[in-house]
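J.: Structure provided below as structure tokens; questions to follow.
The values are calculated or read from the model by the stated rules, or taken from the named source; none is laboratory data. Computed from a prediction, not measured in an experiment: that's the story for all the values here. Using ideal geometry, Cβ is built from the backbone for each residue, glycine included, and neighbour counts are taken over all protein chains shown.
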Amino acid sequence: MSELLSPDHEANDDALGNAAFIEKYAGPGRIGLCGGRDFINKLIRKAQAPLTHDGHRSLWSHAFVFSERRVDGQWWVIESDLDLRYRQIRLGVQENRVERYYDAEAFPNIAILDFGLDQEQIRKVQIAGLDLLSGLSSYSISELVGTLMAMHSRRLRRRSNLLAKEGALYCSALVQHCYAAAGIEFLAGVPGKNIAPHDIDESPLPHSTHRILRDLGVSTIRELTHEARMHFG
């Protein structure tokens, strides 16, 4: 097992591009987080503001699990996503090359989290992901809405997702599902279908975090308001 580190142990690799960063830190069973700049990603980041320490939008809009490096030399990831980039629309659990996150303009924030899984835990995470993939689990917008609703209430956060659907998972719920197979819960007492990408990053469990942050999520209006308050008292 790799060494478990405190949850605030992190490295910021600003000098690396996304591709080099991923190549440096990717590993089977590790978790990827990204924060995108398009409308949907910004909306998801903003919706997680109740979970952040400063009330600004979260750094993260999507989470996925690294599966393995294949014979093509590429890292592949398992994720639940709304893939609208092509003429055909793909919804739900899917397996993709991680190169889709190489674009630093589209994904200015990226992180890789290592929870120090041993080989047996990695195997269980991979199997859980492949089971979801073979079962063609769908992406659940309703569950995502249910999670966003629960963020405003501690009571709802600890209850089952009010809009849960059988056979459906959104991105961070998929990651929690896979890690649950290895006996890991990111936030004790919070059901897997109420886990957001921000929760995974802020998990109190020992882990190491490597990240590139180019968009801190502070709105221009808030920044100007803060500066005005500082200037005028």
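J.: All but one of (1) modelled with pLDDT of 60 or more; (2) out of contact with any strand residue (DSSP E or B) (no Cβ under 8 Å at 6 or more places or on another chain); (3) of a type in the set (A, V, I, L, M) hold for Leu156; state the number of the condition that does not hold.
T.: With respect to (1) modelled with pLDDT of 60 or more; (2) out of contact with any strand residue (DSSP E or B) (no Cβ under 8 Å at 6 or more places or on another chain); (3) of a type in the set (A, V, I, L, M), Leu156 is out only on (1).
J.: Let me ask you something else. Step by step: first the residues of region 170-185, then only those that are part of a loop (DSSP other than H, G, I, E, B) and in contact with a helix residue (DSSP H, G or I) (Cβ under 6 Å, 6 or more places away or on another chain), then the one that is modelled with the lowest pLDDT. Which residue is that?
T.: Ranking the qualifying residues of region 170-185, first place goes to Tyr170.
J.: Taking the options Val77, Val125, name whichever one is of a type in the set (A, V, I, L, M, F, W, C), closer than 22 Å to Asp199 by Cα, under 14 Å from the mean Cα position of the chain (by Cα) and at pLDDT 95 or above.
T.: The match here is Val77.
J.: Turning to a different aspect of this structure: Restricting attention to region 1-43, which residues are in contact with a Ser or Thr (Cβ under 7 Å, 6 or more places away or on another chain) and either at pLDDT below 90 or among the charged types (D, E, K, R) (or both)?
T.: Matches in region 1-43: Leu5, Pro7, His9, Glu10.
J.: Right, here's the next one. What are the residue pairs meeting all of these: first residue in region 167-187, first residue under 12 Å from Pro197 (Cβ atoms) and among the β-branched types (Val, Ile, Thr), second residue assigned to a loop (DSSP other than H, G, I, E, B) and modelled with pLDDT under 95, Cβ atoms under 8 Å, and 6 or more apart or on different chains?
T.: Sorted first by the residue in region 167-187, then by its partner, the pairs are Val175/Ile195.
J.: So which pairs qualify, if the first residue must be in region 52-73 and of a type in the set (Val, Ile, Thr), the second must be part of a loop (DSSP other than H, G, I, E, B), the Cβ gap must be under 6 Å, and the two must be at least 6 apart or on different chains?
T.: From residues that are of a type in the set (Val, Ile, Thr), the pairs are Thr52/Ser58.
J.: Would you call Ala188 surrounded by fewer than 15 Cβ atoms within 10 Å (Cβ to Cβ) and at pLDDT 65 or above? Please lay out each step first, then the result.
T.: Working: surrounded by fewer than 15 Cβ atoms within 10 Å (Cβ to Cβ): yes; at pLDDT 65 or above: yes.
So Ala188 fits the description; yes.
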